[in-house]
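The values are calculated or read from the model by the stated rules, or taken from the named source; none is laboratory data. Just so it is clear, the model here is predicted, and its values are computed rather than measured. When we count neighbours, we look across all protein chains shown, and the Cβ atoms used for this are built from the backbone with ideal geometry, even at glycine.
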Amino acid sequence: MTKSDFTTSILIDQAPEAAFNAIKNFRAWWSEEIEGNTDQLNEVFFYHYKDIHLCKIKLIEMVPAKKLVYQVLDNQFNFIKDKTEWIDTKLIFELTGENGKTKVRFTHAGLVPEYECYDVCFDAWTGYIQNSLYNLITTGKGAPNPLEGEGFNAQLAEKWKLI
């Protein structure tokens, strides 16, 4: 991680275990358009938002109630020149105690201001973490992107060479 990697944090009253379990449930806070397991070590899942953003992500580290690390294996954006900017970056969730509360620190290691997608990704991650994930942990209801139709779109994934 570098100082320029995107990072945001939330502070919650819930136990680290509650936050840990909510984070692993990407469908409840990021997007309902996910195919595959998001909560099992070494499993890969496919995410897409329309034909704007598609990626394959793998859970590579899991320390119960403390840390989750996901690696972006493949990625494509349709709104920037280098559509692969996220490839080999990591989504890191660290949970620590702070004044009797749980701090959830999210770092997208490798997402740096030099990236063309940085401003859009900064806004998106900030909203997902500080609003959707926060609400999922504190109220039980996140605000993920809704299903667009029939769920996993194999044709779209094949077009983008992600399967």
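Look at (1) surrounded by fewer than 18 Cβ atoms within 10 Å (Cβ to Cβ); (2) touching a residue at least 40 places away in the same chain (Cβ under 8 Å); (3) among the hydrophobic types (A, V, I, L, M, F, W, C); (4) at negative phi and you find that I80 fails only one, number (2).
Considering I87, I52, which residue is within 22 Å of P144 (Cα to Cα) and without any contact (Cβ under 8 Å) to a residue 40 or more places away in the chain?
So the residue among I87, I52 that is within 22 Å of P144 (Cα to Cα) and without any contact (Cβ under 8 Å) to a residue 40 or more places away in the chain is I52.
Being farther than 19 Å from G100 by Cβ, touching a residue at least 24 places away in the same chain (Cβ under 8 Å) and within 12 Å of the chain's Cα centre (by Cα) holds for only one residue in I34, I23, and it is I23. Do you know which residues across segment 10-51 are out of contact with any Phe, Trp or Tyr (no Cβ under 9 Å at 6 or more places or on another chain), within 20 Å of T107 (Cβ to Cβ) and either part of a loop (DSSP other than H, G, I, E, B) or at pLDDT below 95 (or both)? The answer is N25, L41.
Looking only at segment 1-58, which residues are surrounded by 15 or more Cβ atoms within 10 Å (Cβ to Cβ) and hydroxyl-bearing (S, T, Y)? Answer for segment 1-58, where residues must be surrounded by 15 or more Cβ atoms within 10 Å (Cβ to Cβ) and hydroxyl-bearing (S, T, Y): T7, T8, S31, T38, Y47, Y49. If the condition is being free of Cβ contacts under 8 Å to residues at least 60 places away in the same chain and charged (D, E, K, R), then segment 58-77 contributes K58, E61, K66, K67.
Somewhere in segment 18-41, is a residue within 27 Å of D119 (Cβ to Cβ), touching an Asp or Glu at 6+ places or on another chain (Cβ under 8 Å) and among the polar types (S, T, N, Q)? Taking every residue of segment 18-41 in turn, none turns out to be within 27 Å of D119 (Cβ to Cβ), touching an Asp or Glu at 6+ places or on another chain (Cβ under 8 Å) and among the polar types (S, T, N, Q).
Residues that are basic (K, R) and under 21 Å from D88 (Cβ atoms) do occur in segment 49-60. Checked against (1) closer than 21 Å to L136 by Cβ; (2) in a strand (DSSP E or B); (3) under 13 Å from the mean Cα position of the chain (by Cα), N75 passes all but condition (1). Among the residues making up segment 83-112, those that are in contact with a helix residue (DSSP H, G or I) (Cβ under 9 Å, 6 or more places away or on another chain), part of a loop (DSSP other than H, G, I, E, B) and crowded, with 16+ Cβ neighbours inside 10 Å are E85, W86, L111.
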